[in-house]
Structure formats: C-alpha cells, structure tokens
Amino acid sequence: MEETELTETSLDEKIARLQKIIDESSRIVFFGGAGVSTESGIPDFRSQDGLYSQKWKMPPEYMVSRTCFDKQTKDFFEFYREKLIIKDVKPNTTHLKLAELEKAGKLSAIVTQNIDGLHQAAGSKCVYELHGSTLRNFCMNCGEPYGIDFIAQSENSPDKIPHCTKCNGIVKPDVVLYEEGLDENVINGAVEAISTADTLIIGGTSLVVYPAAGFIRYFQGKNIVMINKSSTQADSRCDLVIHDSLGKVFGQIKVN
C-alpha cells in the first residue's frame, strides 16, 4: 500500500511539473504516434495486441508496402479496408486538450505519425501528418479526390479495387506506404516547427520508425517531455519522463 501511494505521489509531481512547463511555454510542439489514438479505439502496430502481432496470410509490413500495392492490388485493399479503415471513432482527451492548447496560443504545431485525422477532428489546425491520412484518396491517373467511404465501399466493386468514376484509374489512399518517401513539404514544415519550439512533448510513440523518429534531433528549445506507457530510446534525452497513459496525464492538465 505504501509503495502504491508513493507511485501516485510521484505521478502527481510529474504532472505538476508538466503543468509548470506548459504554463511557461509559448511554442509547444507535440510529436505523437499510435498511442495517441489507442484510447479512441484505434489499435496500434507494435504492442502485444497490435497490428503487427496479428496473423495474416502475409506479413503486415508487406501488406502496406508499395510493392504489395503495385503487384497484389486486390490483396492490398482487402487488408487496408479491414485493418486501416476504422469508422465511427472520435477524438479522445489528448486530441481535445492539444486542440485547446493550440487555441490558447500555447501549442504551435502537432507532428503526427498517425493517419486517422483525429487531431483535425478535435479542432487542431496546424497538423503535420508525416504518414498521410486515410481520409484523403486520389486517382493515380487524373488526380480526382475521394473520401474514405469510397475506399470502404470498393469492397463491392467487381475486382474489389477502387476505381475513379471519371477515368477508371486506381484510387490510391494518401498514406505513405513502406518503400515510399515522406512528403517534402510536410517534412520541411515539421522540421521548422520542431526547431523553433521552446518545448517538445513526445507522446504515444516507441520512436522506432525512421525517418519520423529522427525528427526530434532538430529540437533546440528548453524542455523535452516524454509521455509513453513504456520506456523508449529517447528517455535519457528528456527533461521529464512520464510512463503512463496520455489520457490520464492530459486529463489533468489545465489550459490557462
């Protein structure tokens, strides 16, 4: 019992310290991964129950690769529709608190590895989506845009592949697949935001996916905060490390 009370006190002290850091900052950047959206019901990739631990006829890394998209397009979309299109999800406490911090002029940008669009749904305006978004889809031939429902409904098409209604080209999700490079404009915006921030808060990411994980090296400000359930390779570089859920932590932060 005594040990539990000490742990709780320690967490309270860390959250109080985070509150002080936020209060004293004016250019916060939040760098987030899959752990930001798990509390909205979206599974992550690398946990015990994550996408990469699930059984499939081919490795998930291959199923979301450009090679699979080009050579086994039907299989790609079968996997994509079942595992990456998640409907009826809503922003959670973390998404909403970050949007509130931005509105208050405390947070200048969000850099996310997620592709679910929940930061924008919560009201955040400056979001750099390193890996794209399932909400955007474009015809590879004519560039016609399509929403997420169009991809979901392609399961009913004769070949199970989404085709443009204008030119019959294949409609590709605007997500960065394995073997593809990140968008240069998004990279430049994210690097600029991180390099000019006074506080960098990293949350819900194991920091093992590159090049995204390497972005934190551009930070030159005062405080680096890590909020993640498990330890990461960057913990030793951080001024404050909180090993707990993002929702639990951000649920106690007040926006002044």
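The values are calculated or read from the model by the stated rules, or taken from the named source; none is laboratory data. Bear in mind that the values here come from a model prediction, so they are computed numbers and not experimental data. Positions of Cβ are backbone-derived with ideal geometry, glycine not excepted, and every protein chain shown enters the neighbour counts. With ligands, DNA and RNA removed, areas are computed over all heavy atoms of the protein, side chains included. Shrake-Rupley method; radii C 1.70, N 1.55, O 1.52, S 1.80 Å.
Rounded to the nearest 10 degrees, what's the angle between the helix 73-83 long axis and the longest principal axis of the chain, both from Cα atoms, 0 to 90?
40 degrees
Just the Cα atoms of segment 100-143: what Rg and Dmax do they give in Å?
Computed over the Cα atoms of segment 100-143, radius of gyration and Dmax are 12.7, 42 Å.
Which percent of the accessible heavy-atom area of segment 125-195 goes to carbon and sulfur, probe 1.4 angstrom?
C and S fraction of accessible area: 50 percent.
Hey, what angle do you get for helix 184-195 against the long axis of the chain, alpha-carbon based, 0 to 90 degrees rounded to 10?
The helix 184-195 is inclined about 0 degrees to the chain.
Could the peptides 94-107, 15-28 be put in order, highest first, of the mean number of other beta-carbon atoms found within 10 Å of their residues?
94-107, 15-28
With axes computed from alpha carbons, what is the tilt in degrees of helix 93-103 against the longest principal axis of the chain, rounded to the nearest 10 within 0 to 90?
Roughly 80 degrees, rounded to the nearest 10.
Mind checking the per residue accessible area of the chain for me, 1.4 Å probe, whole number of Å²?
Spelled out: the 1.4 Å probe surface of the chain, per residue, equals 50 Å².
Mind pulling the per residue volume of the convex hull built on the Cα atoms of segment 151-256? Å³ is fine.
In segment 151-256, the Cα convex hull volume per residue is 193 Å³.
If you rank Glu144, Glu155 by how much accessible surface each has, with a 1.4 Å probe, what is the order from largest down?
The ordering from most to least exposed comes out as Glu155, Glu144.
Can you bin segment 74-122 into rounded, prolate or oblate? Criterion: square roots of the alpha carbon gyration tensor eigenvalues sorted a ≥ b ≥ c, rounded for a/c under 1.5, prolate for a/b above b/c, oblate for the rest.
Judged from the Cα gyration tensor, segment 74-122 comes out prolate (a/c at least 1.5, a/b above b/c).
Report, in whole Å, the centroid distance computed from the Cα atoms of segment 157-176 and segment 195-256.
Cα centres, segment 157-176 to segment 195-256: 37 Å.
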